[in-house]
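Report on the following structure.
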Amino acid sequence: MEDIKLKDINIDKFKKELYSYYLDIFPEDERKPIELLHSSYEKHYTRIIEILYKNEIIGFMIVNKVKDKGYVILDYLAILPQYRNNKFGTKALQILLEQERDNRGIFIEIEKVGLGKNAKENLIREKRKNFYEKVGFKKLNFDLFLADVIYTPYLFSNIKDDENMIIREILNIYETISGKDKTEQICKIIRKNIIN
């Protein structure tokens, strides 16, 4: 697995070489408009990373960060279908975690397990959850209602922050990229009742 590398690419290369995979891999309700990706890339909030194995493109990641030493949102991680089930995703994610160790942590949203349209979709959600937990992501104690989908947030933390701080920081990233009004329209925090 020493042959796995992450390489930043520009938005034009993404559109030319990886955008069709993005459309195929991610359902329409999970995709950001290309104009938003382009805008946040141009503002240096979004990083597009190709995943290479022996210099062959096998996948990609899209991450967002709006301030130095802040939180990073892993928006998309995809391994191309023909390269799946070879631990490439795990290795690529481990490399990203190492690259981002000076930041507060990496945040992800996983579609809530059990709320899929069918058994197959719920199985995919369960596999995704298990994948991130295996690498060291921890489930947070709230859910996100984001663009009509309920997500369970996870964090790979490099420091100890309380969840209110995490929520503020993540909302700040959403607002910086999508705008405050849009974020307020499409994003709601769902607090869980915690019984001691």
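The values are calculated or read from the model by the stated rules, or taken from the named source; none is laboratory data. This is a predicted model, so every value here is computed, not measured. We place every Cβ from the backbone using ideal geometry, glycine too, and count neighbours over all the protein chains shown.
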First in the range 160-176 and closer than 12 Å to residue 67 by Cβ, second anywhere and among the β-branched types (Val, Ile, Thr) and surrounded by 14 or more Cβ atoms within 10 Å (Cβ to Cβ), Cβ under 6 Å, 6 or more apart: 173/66; 173/73; 176/66
Of the residues in the range 61-89, those that are among the hydroxyl-bearing types (Ser, Thr, Tyr) and touching a Lys or Arg at 6+ places or on another chain (Cβ under 6 Å) number 1
Mind checking whether some residue in the range 59-82 is surrounded by 15 or more Cβ atoms within 10 Å (Cβ to Cβ) and in a helix (DSSP H, G or I)? no
Scanning for something of a type in the set (Gly, Ala, Ser), over 16 Å from residue 10 (Cβ atoms) and at pLDDT 90 or above, does the range 55-75 turn up at least one residue? yes
Only one of (1) modelled with pLDDT under 90; (2) hydroxyl-bearing (Ser, Thr, Tyr); (3) closer than 23 Å to residue 31 by Cα fails for residue 132. Which number is that? (1)
For the range 6-42, enumerate the residues that are in contact (Cβ under 8 Å) with a residue 40 or more places away in the chain, exposed (fewer than 15 other Cβ atoms within 10 Å of the Cβ) and among the basic types (Lys, Arg). 7
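Each row is one residue, and each column tells you yes or no for (1) under 19 Å from residue 152 (Cβ atoms); (2) under 17 Å from the mean Cα position of the chain (by Cα).
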| site | (1), (2) |
| --- | --- |
| 64 | yes, yes |
| 72 | yes, yes |
| 90 | no, yes |
| 111 | yes, yes |
| 119 | yes, no |
| 124 | yes, yes |
